[in-house]
1. Just wondering, is there one or more residues in the range 334-341 that are under 19 Å from PHE491 (Cα atoms) and basic (Lys, Arg)?
2. Inspect the range 346-358 for any residue being touching a residue at least 12 places away in the same chain (Cβ under 8 Å), among the β-branched types (Val, Ile, Thr) and farther than 24 Å from LYS307 by Cα and give the result as yes or no.
3. Output the number of residues of the range 443-473 satisfying the condition of being farther than 17 Å from GLU433 by Cβ and in contact with an Asp or Glu (Cβ under 8 Å, 6 or more places away or on another chain).
4. Mind listing whichever residues of the range 107-127 are of a type in the set (A, V, I, L, M, F, W, C) and in contact with a Gly (Cβ under 9 Å, 6 or more places away or on another chain)?
5. Condition (residue is under 24 Å from the mean Cα position of the chain (by Cα) and in a helix (DSSP H, G or I)) applied to the range 315-322: is it met by at least one residue?
6. If you scan the range 175-212, which residues turn out to be of a type in the set (Val, Ile, Thr), more than 19 Å from GLU109 (Cα to Cα) and touching a residue at least 12 places away in the same chain (Cβ under 8 Å)?
7. Can you find, within the range 290-325, the residue that is nearest to VAL266 (Cα to Cα) among those that are among the polar types (S, T, N, Q) and surrounded by 22 or more Cβ atoms within 10 Å (Cβ to Cβ)?
8. Output the number of residues of the range 177-209 satisfying the condition of being at pLDDT 95 or above and in contact with a Gly (Cβ under 6 Å, 6 or more places away or on another chain).
Amino acid sequence: MKKKFIATLMTLSLLSLTGCKDEKTEENPKMIIPIKVGFNSIAPDTDVSAATKEVIRNINTGLIRFDPDSKKLIPALAESYEIKNNGRTYVFKLRDNLKFHNGKNITPEDVKYSFERVSGINTGKAIVGEWNKKLESINILKDNTIEINIDEAQKSSSDIYNIADVSIIPANIPENQLEKNPIGAGPYKFVEYIPGQKIVLESFEDYYLGAPEVKEVEFKIYKEGAGRLLSFKNGEIDFLPLNLESLKEIKKDPNIEIVSSLGNDVNVLYLNNSFKPFQDKKVRQAIWQAIDMDRVVENLALPKAEKLYTHMSPYLKEIYENSVEKSYPYNPEKAKELLKEAGYSNLNFTLTTISENTFENDLALFIKEDLSKVGVEVKINPIPWGQYLPEVYRGHKYEAALLRVAGYPDPQRILQRYETNYSSNMGNYSNKEVDNLLKEATQTYDSERKIEIYKEIQTLLNRDIASVYLLDQGVAIALSSKYTGYKTYPFAFIDVSTIKLKKNSK
């Protein structure tokens with residue numbers, strides 16, 4: 001009897017241990033990804049902030065998408081498309097057997113509704129600003145085909161990027177329902193959202209590219225700093241954006257995969273042309289040549305960082321103009337000479353930064369130290385983003401300012417900020433030749449000519465020293481030992497569908 005009792009206990013213990021083992025090494029664990037803040041809206045295309053879009057893009061997809069490997073737009077829900085009428089008409093052929101997260105088939109009527117929704121063509125109120133008064137009509141043709149017509153006065157060769165950003169959703173779902181339970185056709189479907197805490201998504205088995213390997217993902221709000229690093233090392237989170245210090249720590253573990261690349265963002269030192277000293281090109285050149293960017297890259301930036309010489313990152317290799325490289329090398333003696341010629345031997349100015357941005361404030365200290373060596377006194381003025389946005393970014397009330405300017409796959413969207421009357425022309429730069437080239441680019445559908453135009457603009461920005469271009473500081477992401485294969489994008493997107501389970505993680 002006693003032997004039977006002991007044997008039973010051993011069996012139960014083994015079963016219990018086996019259960020624990022399965023729980024710890026489950027094939028499809030939930031992936032935890034830290035985010036900085038919650039969202040103003042989780043309804044498709046409603047909140048355009050980068051912090052929201054980098055997450056919500058997992059739920060939605062459009063007719064076409066950006067491919068991180070080729071760095072080009074390719075068909076998505078549409079199997080093919082063509083551009084007609086000199087850019088006024090776009091014709092898309094839908095794939096067969098597409099489904100939404102709610103199990104319903106995707107129809108041309110859903111596509112029509114999705115574009116009418118963002119453009120406000122029926123309501124008079126566009127959800128997405130780029131679509132305001134842009135859509136003239138959208139027609140359903142035979143054979144699962146949709147025709148999108150752009151207003152002649154509003155059409156642009158960049159419209160294809162605007163089309164790519166439109167999420168295809170089921171027709172006629174009330175906005176208040178979309179806010180509570182967003183439905184799309186992306187790789188992940190909505191499970192739960194607790195404002196201020198987390199959003200949970202699960203893989204969509206009928207996704208047109210196949211179900212993602214990561215079956216459940218939780219984007220959870222975590223404060224930045226040392227606590228995040230500790231949480232990653234303890235296994236509480238599985239994804240960690242790195243800075244230089246955390247990268248050094250994480251590299252000690254050979255089981256952790258680190259993904260590094262250029263970020264396509266541009267760190268710019270804006271010199272406001274309304275501030276008299278900066279109206280002199282010699283002063284702008286002196287400041288550029290007084291900053292030791294090699295020292296900055298070595299001490300602050302991530303492994304893939306690159307110094308820049310115009311407002312474009314080599315992330316988009318095909319468009320980047322590399323002939324401007326090394327045009328203003330570090331040369332403090334030359335900087336002193338230029339300042340003397342311009343009559344500013346005792347120049348001083350205030351450099352405004354975003355107080356929450358640690359990298360920018362460290363960068364400001366390097367700039368202050370370098371400029372002091374050529375007799376320029378810099379006062380650093382860190383202010384919160386809530387103040388920086390209306391005063392500096394929109395109001396242009398500053399002398400000099402640092403900003404990491406977000407990149408996009410569309411070069412027009414990057415470079416249009418140098419158009420004379422553009423609202424985000426922070427440096428108050430004006431050049432009629434640049435204005436004319438930007439206008440020509442919007443009317444040019446020949447890809448080779450467009451590349452030539454954008455390279456010409458980059459050359460002019462460098463020649464005029466429209467701003468002091470510093471670097472693409474790069475990005476680096478650490479994945480916990482269970483995962484591999486993450487890919488970066490030239491815009492805000494944490495694409496969980498690219499992440500794979502390591503074969504030895506089971």
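1. no
2. no
3. Count: 4.
4. Within the range 107-127, ALA126, ILE127 qualify.
5. Yes, there is a match, as at least one residue in the range 315-322 is under 24 Å from the mean Cα position of the chain (by Cα) and in a helix (DSSP H, G or I).
6. VAL191, ILE199, VAL200
7. SER313
8. Qualifying residue count, the range 177-209: 0.
The values are calculated or read from the model by the stated rules, or taken from the named source; none is laboratory data. Note that the structure is predicted; figures quoted are calculated from it, not measured. When we count neighbours, we look across all protein chains shown, and the Cβ atoms used for this are built from the backbone with ideal geometry, even at glycine.
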